[in-house]
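The structure appears below as structure tokens.
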Amino acid sequence: MKRRGVLKLALCAALLSASAAPPAFAHNYHMGITDISYNANTGSTEIVHTYTAHDVEALLANLYQRQFDLGQPEDQAVLRRYIEHQFTISAGGKRLPLQWVGVQADAANITIYQELPQTALPPGAVLRHVVLSDFIPGQLNTVNIAAAPSGLAAQSLTFSSSRPAQAIN
């Protein structure tokens, strides 16, 4: 009888410690994908970021100590400020003016749309990408860049907390 009580106590302790883990660490691989491509119809460079929804939700809850509903404009504005600070493109030592297009959220993913209006991404531009890597140490962000008429070759780059910025060729 005494042994059964100890086992119940151990099981309860294990369940409590498992449920106390932050949601951002509910899976083992933390990654973001960013696709950058030139749209010949508009003359703009389009940027599409995709992140795991619960990683973004955990980050925002950690930063602001409240739950977010990314269907609400005021909560989208908070995410927008974070993304605009954590993802930048610069050329010639000057930050390029990325325009926010919008965000789409579902249970699995958060997709963010930006563009560089009327501009092809120039070779030698420097990307700084630290989205979520300030919160999740193992976060990896892969950027896939399509070839552009500016002479930019197709390439992929990987960013992490130890490699936050890279020049493109």
Next item on the list: Give me the pairs, please: first residue somewhere in region 70-95 and among the β-branched types (Val, Ile, Thr), second residue anywhere and part of a loop (DSSP other than H, G, I, E, B), beta-carbon distance under 6 Å, and either six or more positions apart or on two chains.
Entry: ILE89/LEU96; ILE89/ALA125
Checklist line | Among (1) within 27 Å of ASN28 (Cα to Cα); (2) surrounded by 14 or more Cβ atoms within 10 Å (Cβ to Cβ) - the single one ALA125 does not satisfy | finding: (1)
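Out of THR52, THR45, which single residue is within 16 Å of the chain's Cα centre (by Cα) and either closer than 21 Å to ARG80 by Cβ or modelled with pLDDT under 95 (or both)? Step through it out loud before you land on a result.
Details: THR45 fails: within 16 Å of the chain's Cα centre (by Cα).
Answer to the check: THR52.
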Next item on the list: Working only within region 54-85, note down all residues that are touching a strand residue (DSSP E or B) at 6+ places or on another chain (Cβ under 9 Å) and either among the acidic types (Asp, Glu) or surrounded by fewer than 17 Cβ atoms within 10 Å (Cβ to Cβ) (or both).
Entry: ASP55, GLU57, ASP69, GLY71, ARG80, GLU84
Next item on the list: For region 92-121, name all the residues that are in a loop (DSSP other than H, G, I, E, B) and either under 20 Å from ASN41 (Cβ atoms) or among the hydrophobic types (A, V, I, L, M, F, W, C) (or both).
Entry: LEU96, LEU98, ALA107, ALA108, PRO117, GLN118, THR119, ALA120, LEU121
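Table: residues versus (1) closer than 16 Å to SER37 by Cα; (2) modelled with pLDDT of 95 or more.
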{"site": "ALA107", "(1), (2)": "no, no"}
{"site": "ILE112", "(1), (2)": "yes, yes"}
{"site": "ALA125", "(1), (2)": "yes, yes"}
{"site": "VAL130", "(1), (2)": "no, yes"}
{"site": "PRO137", "(1), (2)": "no, no"}
{"site": "LEU140", "(1), (2)": "no, yes"}
{"site": "GLY151", "(1), (2)": "yes, no"}
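What tally of residues in region 157-169 results from selecting those that are charged (D, E, K, R) and surrounded by 15 or more Cβ atoms within 10 Å (Cβ to Cβ)?
If we filter region 157-169 for residues that are charged (D, E, K, R), which is where we start, we get 163.
Cutting the leftovers down to surrounded by 15 or more Cβ atoms within 10 Å (Cβ to Cβ) gives us none.
Number of matching residues: 0.
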Next item on the list: Please specify each residue of region 58-69 satisfying the condition of being touching a residue at least 40 places away in the same chain (Cβ under 8 Å) and over 15 Å from VAL130 (Cβ atoms).
Entry: ALA58, ASN62
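When region 137-156 is examined, which residues are found to be surrounded by fewer than 19 Cβ atoms within 10 Å (Cβ to Cβ), hydrophobic (A, V, I, L, M, F, W, C) and either in contact with a helix residue (DSSP H, G or I) (Cβ under 7 Å, 6 or more places away or on another chain) or not in a loop (DSSP other than H, G, I, E, B) (or both)? Walk me through how you get there before you give the answer.
Looking only at region 137-156, we keep the residues that are surrounded by fewer than 19 Cβ atoms within 10 Å (Cβ to Cβ), and these are 137-138, 140, 142, 144, 146-147, 149-151, 153-156.
From what's left, hydrophobic (A, V, I, L, M, F, W, C): 140, 146-147, 153-154.
The answer is LEU140, and nothing else.
The values are calculated or read from the model by the stated rules, or taken from the named source; none is laboratory data. If you're wondering where the values come from, they're calculated on a predicted model, not measured in any experiment. Neighbour counts are summed over all protein chains in view; Cβ atoms, including those assigned to glycine, are modelled from backbone coordinates with ideal geometry.
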